[in-house]
Amino acid sequence: MAIPPLAFTHNGRGGDMATLLWPLHCSLYYLGMTVLSPHVIYGIQGSGVSYQDESEFRVRLEDEKAGWIRRLQRLDSDAPIPFSGWNDWDENGVLNADHPLAWRP
């Protein structure tokens, strides 16, 4: 079995992927770039780390590569990550509950 994506959520072993990448995403946005949600592939193995049988892994890796190709083919239609403006924060500097952080897992 591949490492579960839940391992990369809040309190997961790998940490919340969206939170880990947030400073980078904000920096790119600040520099004027359009930032898309990350394409994350979980459970890649090598250097002695193994999550599943090698033959199962090879099949899954081919599926993941096909998914990456599909992602690349539709990049122009992907919605960018929504970033916040001054009106998106309350008086305490906390993001409003209705802000569209839909890209976050």
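The values are calculated or read from the model by the stated rules, or taken from the named source; none is laboratory data. Note that the coordinates shown come from a computational prediction; the quantities given were computed from them, not determined experimentally. Methodologically, a virtual Cβ is constructed for each residue, glycine included, from the backbone with ideal geometry; neighbour enumeration extends over all protein chains shown.
Quick notes on this one:
- Single residue of segment 1-35 satisfying the filter (touching a Phe, Trp or Tyr at 6+ places or on another chain (Cβ under 6 Å) and not in a helix (DSSP H, G or I)) that is modelled with the lowest pLDDT: 2
- Within segment 40-94, restricting attention to residues that are among the small types (Gly, Ala, Ser) and modelled with pLDDT of 85 or more, the residue that is nearest to residue 25 (Cα to Cα) is 79.
- Selection of segment 15-35 for residues being surrounded by 15 or more Cβ atoms within 10 Å (Cβ to Cβ) and touching a helix residue (DSSP H, G or I) at 6+ places or on another chain (Cβ under 8 Å) yields 16, 17, 35.
- Of the residues making up segment 36-50, those that are under 30 Å from residue 77 (Cβ atoms) and outside any strand (DSSP E or B) are 37, 38, 39, 40, 41, 42, 43, 44.
- Considered as a group, the residues in segment 51-94 that are among the acidic types (Asp, Glu) and not in a helix (DSSP H, G or I) include one that is nearest to the chain's Cα centre (by Cα), and that residue is 78.
- Cβ-Cβ contacts under 6 Å between residues 6 or more apart (or on different chains), taken from a first residue in segment 10-37 that is under 16 Å from residue 100 (Cβ atoms) to a second residue that is modelled with pLDDT of 90 or more and among the β-branched types (Val, Ile, Thr), are listed as 25/35; 29/35.
- Residue within segment 95-102 that is in a loop (DSSP other than H, G, I, E, B), acidic (Asp, Glu) and free of Cβ contacts under 8 Å to residues at least 40 places away in the same chain present: yes
- Evaluated against (1) touching a residue at least 60 places away in the same chain (Cβ under 8 Å); (2) on the phi > 0 side of the Ramachandran plot, residue 43 falls short on exactly one condition, (1).
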